[in-house]
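The values are calculated or read from the model by the stated rules, or taken from the named source; none is laboratory data. As the structure is a computational prediction, the values presented were derived from the model and not from experiment. Note that we place each Cβ from the backbone using ideal geometry, even for glycine, and neighbour counts take in every protein chain shown. These area figures cover heavy atoms from the full protein model, side chains too; ligands, DNA and RNA do not enter into them. Shrake-Rupley method; radii C 1.70, N 1.55, O 1.52, S 1.80 Å.
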Amino acid sequence: MQSAGSPSQMSDLTEPWFRARAGEALHHAPVESIFDPRAGRSIELSDADLNPELAADLAAMDPPRPAAVLVPVVMRTSLSVLFTVRTANLSSHAGQISFPGGKMDIDDPTPTGTALREAEEEIGLDRSFVETLGYLDSYRTGTGFRIMPVVALVREGFELRPNPGEVAEVFEVPLGFLMDPANHQRHAREWRGRLRHYYAMPYGERYIWGATAGMLKNLHERLFET
């Protein structure tokens, strides 16, 4: 199902449409619901529905630590989404594709503050180029975080300075590609002796998967199915 006024083709996504639709469809404040990327819907307690066998693991974990990421939609002629590639020497999620972001510090006033601070620290994105639009559903990870994704428009003209200790590379992918359901794949792999299911959105040599792909799936859900 598409929302009223949705572009007929993913290549027709425009900045005015995205801005207006985000204003209607995104949350205006952080939410505690958690997005289940396998079912394509939000649930209220955990993401155990994605892999039911993880329910006991999540129940035994400490309360999730708050974190936030920036979902940066760059205002090119054709809108694109900016991603980072994590360095290979990090203790968690090394080498994976992600959004700029991290855990909330005690001095961060809001998840938006965290996302903007982390984007500055990780890739040198000056917040004066960033216009935040709203929140996706929060996303609980098996590594003990509840992530608040902050969707934003980024105007052209910015210069990036990736932190070599955290970011190996920065790249962009067309928003139209990421919002096309034909590119929303379901993959599985063994993790700790159990089969884990997750979304993946391969783009050429880039393998976008896991929580990052799940948050993009939620962006599609909110823009086109709410």
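Here are the numbers:
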| item | result |
| --- | --- |
| Boolean, Arg155 is surrounded by fewer than 18 Cβ atoms within 10 Å (Cβ to Cβ), in contact (Cβ under 8 Å) with a residue 12 or more places away in the chain and of a type in the set (Lys, Arg) | yes |
| Pairs where the first residue, in region 161-190, is under 16 Å from Pro72 (Cα atoms) and the second is of a type in the set (Asp, Glu) and open to solvent by 50 Å² or more (accessible area, probe 1.4 Å), C-beta under 8 Å, 6+ apart | Pro162/Glu169; Gly176/Asp12 |
| Arg194 vs. criteria out of contact with any Lys or Arg (no Cβ under 9 Å at 6 or more places or on another chain) and either aromatic (Phe, Trp, Tyr) or closer than 25 Å to Tyr135 by Cβ (or both) | no |
| Strands (runs of 3 or more DSSP E) lying entirely in region 142-226 (those with 2 or more residues that are of a type in the set (Val, Ile, Thr) and farther than 20 Å from Arg21 by Cα) | 167-174 |
| Region 124-142: number of residues that are over 13 Å from the mean Cα position of the chain (by Cα), closer than 24 Å to His220 by Cβ and surrounded by fewer than 24 Cβ atoms within 10 Å (Cβ to Cβ) | 5 |
| Region 110-132 residues that are at pLDDT 95 or above and among the small types (Gly, Ala, Ser), paired with ones that are part of a helix (DSSP H, G or I) and open to solvent by 20 Å² or more (accessible area, probe 1.4 Å) (beta carbon under 8 Å, 6 or more apart) | Ala119/Arg127 |
| Residues that are buried (at least 22 other Cβ atoms within 10 Å of the Cβ) and hydroxyl-bearing (Ser, Thr, Tyr), drawn from region 99-116 | Thr114 |
